[in-house]
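Engineer: Just dropping this structure here.
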Amino acid sequence: MEDPLGLRPLKDITLTERIVDPDDVPWVPYTDTIWVKPLRLNRKTGQWTNITKVVGGGQINRHYHVNGVIGFVLEGSWYYVEKDWVARKGMMVWEPPGDIHTLMSGEEGTITLFQLEGALLYVDEDDQVVGFDDVLAHTKTYHDFCRSEGTRPLDLDY
C-alpha cells in the first residue's frame, strides 16, 4: 500500500485510544448536592474531564476559571447567578478564561459533562481566592474516595 504522506510510521509513535465507560466510574461526592464522575485526569497537560451532577437548587460556589471550559448539558438545567441565560439539556456552553460565576442547578437538578484545563479558583464576594480545584486535587479526591470504598481507581491519566 502506498503512503505518499508518510503517515504509516506515525502510527507506531502515537498513543492508543482510551475508552472510559462512565458506568465503571463511581459518583464521587464533593458536597451534599454535588457529585462528580472523573473521565480524564491528565497530569501532564492539566486537562480534566468529568460528569458533574448537581441536585435541585444546588450550587457550585462562585469561582474563576484560569482557562476556558466547555460544558455539555446531559440532563436538567443550570444557570449562572451573574448571567441572564439558562443552559438546558442538549446545550453546549463555552466559558472564557477569567470568567467569574456561581453555578446554580435548576429545580430538577442537572448532569453536565465538563472539560477543563488548569485551575478553578473559588473566590469570595471580594474576588479573594478561598480555595481551588485542579487536575491534581481532582485526582486525589477520586483516589481517596475509591480507597475509602475498597475499590481500585481507574487509570484516567491520559
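The values are calculated or read from the model by the stated rules, or taken from the named source; none is laboratory data. Note that the structure is predicted; figures quoted are calculated from it, not measured. Counting neighbours? That spans all protein chains shown, and the Cβs are built from the backbone with ideal geometry, glycine included. The protein model used for the area step is the full one, side chains on, heavy atoms only, and it has no ligands, DNA or RNA in it. Shrake-Rupley method; radii C 1.70, N 1.55, O 1.52, S 1.80 Å.
Engineer: Could you tell me which of the residues N42, N50, N67 is out of contact with any Cys (no Cβ under 8 Å at 6 or more places or on another chain) and either open to solvent by 50 Å² or more (accessible area, probe 1.4 Å) or aliphatic (A, V, I, L, M) (or both)?
Structural biologist: Working: N42 fails: either open to solvent by 50 Å² or more (accessible area, probe 1.4 Å) or aliphatic (A, V, I, L, M) (or both); N50 fails: either open to solvent by 50 Å² or more (accessible area, probe 1.4 Å) or aliphatic (A, V, I, L, M) (or both).
Among N42, N50, N67, only N67 is out of contact with any Cys (no Cβ under 8 Å at 6 or more places or on another chain) and either open to solvent by 50 Å² or more (accessible area, probe 1.4 Å) or aliphatic (A, V, I, L, M) (or both).
Engineer: Considering only residues that are β-branched (V, I, T) and under 21 Å from L154 (Cβ atoms), which ones fall in region 39-72? Let's see the steps before the verdict.
Structural biologist: Start the filter on region 39-72 by keeping residues that are β-branched (V, I, T), which leaves 45, 49, 51-52, 54-55, 60, 66, 69-70.
Result: T45, T49, I51, T52.
A quick yes/no check of all residues on (1) within 20 Å of K37 (Cα to Cα); (2) crowded, with 17+ Cβ neighbours inside 10 Å:
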position: D84; (1), (2): no, no
position: P96; (1), (2): no, no
position: D99; (1), (2): no, no
position: S105; (1), (2): yes, yes
position: T110; (1), (2): yes, yes
position: E117; (1), (2): yes, yes
position: E125; (1), (2): no, no
position: R152; (1), (2): yes, no
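Engineer: Under the condition of being open to solvent by less than 90 Å² (accessible area, probe 1.4 Å) and outside any helix (DSSP H, G or I), which residue from region 130-150 is nearest to P22 (Cα to Cα)? Break it down into steps so the answer makes sense when it comes.
Structural biologist: In the first step, residues of region 130-150 are kept if they are open to solvent by less than 90 Å² (accessible area, probe 1.4 Å); the result is 131, 133-135, 137-139, 141-146, 148, 150.
Now narrow it down to the ones that are outside any helix (DSSP H, G or I): 131, 133-134, 150.
Numbers: G131: 27, D133: 21, D134: 20, G150: 19 Å.
Among those that are open to solvent by less than 90 Å² (accessible area, probe 1.4 Å) and outside any helix (DSSP H, G or I), it is G150.
Engineer: Against the condition surrounded by 14 or more Cβ atoms within 10 Å (Cβ to Cβ) and either closer than 18 Å to L154 by Cβ or touching a helix residue (DSSP H, G or I) at 6+ places or on another chain (Cβ under 6 Å) (or both), how does V36 come out, does it pass?
Structural biologist: Numbers: surrounded by 14 or more Cβ atoms within 10 Å (Cβ to Cβ): yes; either closer than 18 Å to L154 by Cβ or touching a helix residue (DSSP H, G or I) at 6+ places or on another chain (Cβ under 6 Å) (or both): yes.
The answer is yes for V36.
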